[in-house]
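What follows draws every value from the coordinates through simple rules; no lab data is involved. Keep in mind that what you see is a predicted model, and the values were worked out from it rather than measured. Please note: Cβ atoms are built from the backbone with ideal geometry, for glycine as well, and neighbour counts cover all protein chains shown.
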Amino acid sequence: MQDLSIAENVLQTMLGKLGFEVSTTVVEEVSGPCIQISSEQSDLIIGNNGDRLEDLQYLMNRIVSIKDPSIPRIKVDCEEYRKKQEEQLLEKAKSLAEKVREDGKPAKTRPLNAYYRRLVHNVFADVDDITTSSQDGSARYKRIIISKVGK
């Protein structure tokens with residue numbers, strides 16, 4: 001695993017300047033490196049539906065890419081919030097796929113950011129009877145349409 005101390009330091013500095021006391025751990029996940037934040041103020045760091053985590057991740061990755069372009073994109077999580085959200089999202093998507101199999105009618109997910117859309121598309125990439133597609137447009141959050149193949 002690559003030395004991600006630059007990223008960890010950037011994230012700790014940002015959160016420290018915002019008044020948060022945190023500890024961080026770098027974890028290697030299937031999807032790549034992740035910096036896991038622990039804090040007594042995790043709800044404030046996570047924000048509404050993880051929006052602050054997304055913002056922290058975006059800013060940290062922008063700063064890190066300027067300092068060292070060779071460092072890969074790093075996910076930021078707090079108290080495993082994102083991990084739990086991903087598991088719930090994938091379970092919901094699989095449930096929607098079962099419903100589509102039963103009644104043949106396409107189903108839509110809630111609006112998702114690009115990362116979560118990619119997760120859902122990847123779950124069904126090797127499934128023969130289900131296809132997924134994202135709605136067209138330039139919106140940041142889009143729904144995925146889950147359909148039966150041939151429908």
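For this structure, a couple of remarks:
- Per-region count, the range 32-42, residues surrounded by 13 or more Cβ atoms within 10 Å (Cβ to Cβ) and either assigned to a helix (DSSP H, G or I) or more than 14 Å from the chain's Cα centre (by Cα) (or both): 5
- Test: residue in the range 74-81 that is touching a residue at least 60 places away in the same chain (Cβ under 8 Å) and within 17 Å of the chain's Cα centre (by Cα): yes
Rundown of residues vs (1) in contact with a helix residue (DSSP H, G or I) (Cβ under 9 Å, 6 or more places away or on another chain); (2) among the acidic types (Asp, Glu); (3) surrounded by 11 or more Cβ atoms within 10 Å (Cβ to Cβ), yes/no style:
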| position | (1), (2), (3) |
| --- | --- |
| 66 | no, no, no |
| 77 | yes, yes, yes |
| 82 | yes, no, yes |
| 94 | yes, no, yes |
| 117 | no, no, yes |
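- Given (1) touching a helix residue (DSSP H, G or I) at 6+ places or on another chain (Cβ under 9 Å); (2) acidic (Asp, Glu); (3) within 30 Å of residue 16 (Cβ to Cβ), number of the condition residue 129 does not satisfy: (3)
- Among the conditions (1) surrounded by fewer than 16 Cβ atoms within 10 Å (Cβ to Cβ); (2) within 20 Å of the chain's Cα centre (by Cα), residue 3 misses just one, which is (2).
- Count of the range 15-31 residues which are in a helix (DSSP H, G or I) and surrounded by fewer than 16 Cβ atoms within 10 Å (Cβ to Cβ): 2
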